[in-house]
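Have a look at the structure below before the remarks.
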Amino acid sequence: MPDIQELPLLKSAKREALTALGIWLAATIYSLGYCFQNGYGRAPESLTYVLGFPDWVFWGIVVPWGVCTIVASIFAFWFMKDEDLPESGQ
Amino acid sequence: MANNQPMLAATDISNPGYSVLFALLLFIGASVWLGTLAQKAMEKKEFLKGFFLGNRGLGAWALALTATVQSGGTFMGFPALVYSHGWIVLLWIGSYMVVPLLSFAVVGKRLAQLSRMTDSFTVPDLLRERFADPRVGLVSSIMIITFMSFTMFAQFKAGATIMKHAWPGSGVLALSEDYEPTAAEKAESKNATDVNSNKSASKPIDRKYYVGLIVFTVTVVGYTLIGGFLASVWTDLFQSVMMVIGVTILVCLAVPMAGGLEQATKTAIANTSSDIAFGPGYSTIGREFLTPGLALSMFFIWIFGGFVSPASMVRVMAAESTEVMRKSICLLSCYNCLIYIPLVMTCIAARTMLPHLDKPDEVIPRMSMLVTEGLPLGAFISGLILAAPFGAIMASVSCFILVISSGLVQDIYVRFLHPAATEAQVRRATNVSMVSVGLIAVLANLDPPQYLQALVVLSASGGGAAFTIPVLMACYWRRTTAAGMLAGMLVGFCFYFGLSAAGWLQNWAAAAPEGSSFARSVIDVLGPDPKIGVPGLFRPYYIFGIDPMVWSLVVSAIAGIGTSLVTKPPAEEHVSRFFDVAVVK
């Protein structure tokens, strides 16, 4: 007696889509939050530099950019699941 | 075009001699060569799938570096923004930190699966089969063809203009467009809204432009016609690699010449004001470039305009396997790091070396000539850097031609006009449609429409507004009905269009002469110019300071989900075909 189940690819694709959207949300909240706090309406004299970048650019954009690149690689190599794609037309 | 302003840089770099022309010819030659290789690669297989989808055999490099189609704007419009507004532009483009992940992880696998299940190779074809409703296919097809045509026509003009300026002695610096009195302000406005930058002409056009237009069109249509999808992807890959090499050379030379990055920022502050190191950005005309609301909007626009753009959906459908997608996420993430942050650093350094450019669009061409001066092969290197936008434009045009003509051939000709067409007829239809697309593009650009750029922005963001929610629904929600899809697409787009039109009206009213009662009542309803974002005629209307695209996504979701829920559920056995598998116990 065949049992009807959700396609395996659909299951993993849903999980990955939600995770990716979660990563986007986290990056957006952190990056915008940090930059709004520290990059807007600030006294010019208080600006310091990290590796040549203005401090808020470094901590608010460059660092999360690096983190996202690492997270994306981890996602790609350890989290995302390979699935068989059907032959065309099946 | 005569360079009639005083030279700003120390050296005379208005005439790079033959190096740029040589580099352009190199790009053209390489593209044609790749086209013939591609033709060999697809010869044996079924024509349509081979020509428009490369037999679903894209590898990781090809997928990664071509999926988020770069255009000339990456090398022209974006650097101009950094030069004009400073460090804040890195926040403007900041969501590119997650674009690679979202491009492949949200709908990639599922689209690849659905397109194979339905045996379709265009997006409208896929949607049509998924809902067993020709209306869904037809509406999405018309929308995609229309949106892409506007964007493509604009790119033709940019390509022709670059060719024109590449002639030795024509003052190559105005890589972007003809000079206008208020070019700095206009350039800022037009480039900002969409990185796919191009401008409307307002000057008489000379013969070199026509020669450029013809050469450009013949080349691009030619190699796309020969090699199809693979030719387009391979030339795109080629220019992406050239681009990263160019950017790396530039940043390595420019930053030390400006005395290091910290010194460059300090000099930039001294040459402009402290605004260049903070939000909302430096501006000479009292307009706030990136308010928090607009910064938030950009984190939506780049993401949701990206993964549903027809060009990137088609590439995902052509991916060889899910493994290829995984590798592409990693490759593209690293690639983006190497492009955007260094470009910003270079343009900040440009405020030291070229402190007061009248035309910010010229920042990359000027910098590349300045920093390679005196190097062995310096002229050649700067030629290559200058040719990179041209390569990018060729690559995106050839991709657009393909998507448009695949739409015309498959979604219109085969589906509606001549379902029993033989392979030879389909092949002829393909050739005819591609040549006609080229011809129409030439005709449209003989006298380029004044307000092309508005249509480009409208098409790119409007496409995202129209397709994001419906595509997600088609992929993951069983209950989605054909009516829900139509509602999501049409309402999303119309809402976007409405807010853009409201902005144009508001802008017109703000500039209208005193005493016009209609203009006054428009201002009464819509409020005065909020003085945010980019200047220009085609600024959209911002509700609460947020870009229309974000609102359109919300409205599209309400319309799509709501309509699906009130219409009759789709037949279970039809949905089951795409969602379920029978497991024998």
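The values are calculated or read from the model by the stated rules, or taken from the named source; none is laboratory data. Not measured: the values here are computed from a predicted model. Neighbour counts are summed over all protein chains in view; Cβ atoms, including those assigned to glycine, are modelled from backbone coordinates with ideal geometry.
Among the residues making up the stretch B:306-330, those that are charged (D, E, K, R) and assigned to a helix (DSSP H, G or I) are B:R315, B:E323, B:R326, B:K327.
Scan the stretch B:259-274 for residues that are under 17 Å from B:L357 (Cβ atoms), touching a residue at least 40 places away in the same chain (Cβ under 8 Å) and facing chain A (nearest Cβ under 9 Å) and the total you get is 1.
Selection over the stretch B:248-287 of residues that are farther than 14 Å from B:R351 by Cβ, surrounded by fewer than 18 Cβ atoms within 10 Å (Cβ to Cβ) and of a type outside the set (A, V, I, L, M) gives a count of 4.
Among the residues making up the stretch A:32-70, a single one is over 21 Å from B:I348 (Cα atoms), buried (at least 19 other Cβ atoms within 10 Å of the Cβ) and more than 11 Å from the chain's Cα centre (by Cα): A:L32. The number of residues in the stretch B:120-143 being of a type outside the set (D, E, K, R) and either modelled with pLDDT under 85 or not in a helix (DSSP H, G or I) (or both) comes to 4. Only a single item in (1) in contact with a helix residue (DSSP H, G or I) (Cβ under 8 Å, 6 or more places away or on another chain); (2) modelled with pLDDT under 85 is not met by B:M298, and it is number (2). Taken over the stretch B:411-447, the criterion of being modelled with pLDDT under 80 and under 24 Å from the mean Cα position of the chain (by Cα) is satisfied by B:D411, B:A444, B:N445, B:L446, B:D447. The set of residues from the stretch B:531-585 being within 14 Å of chain A (Cβ to nearest Cβ) and of a type in the set (F, W, Y) comprises B:F578, B:F579. Show the residue pairs that are 6+ apart or on different chains and have beta-carbon atoms under 9 Å apart, the first residue being within the stretch A:71-84 and more than 7 Å from chain B (Cβ to nearest Cβ) and surrounded by 14 or more Cβ atoms within 10 Å (Cβ to Cβ), the second being β-branched (V, I, T) and not in a helix (DSSP H, G or I). Pairs found: A:V71/B:V98. Taken over the stretch B:319-371, residues that are among the acidic types (D, E) and more than 24 Å from the chain's Cα centre (by Cα) amount to 3.
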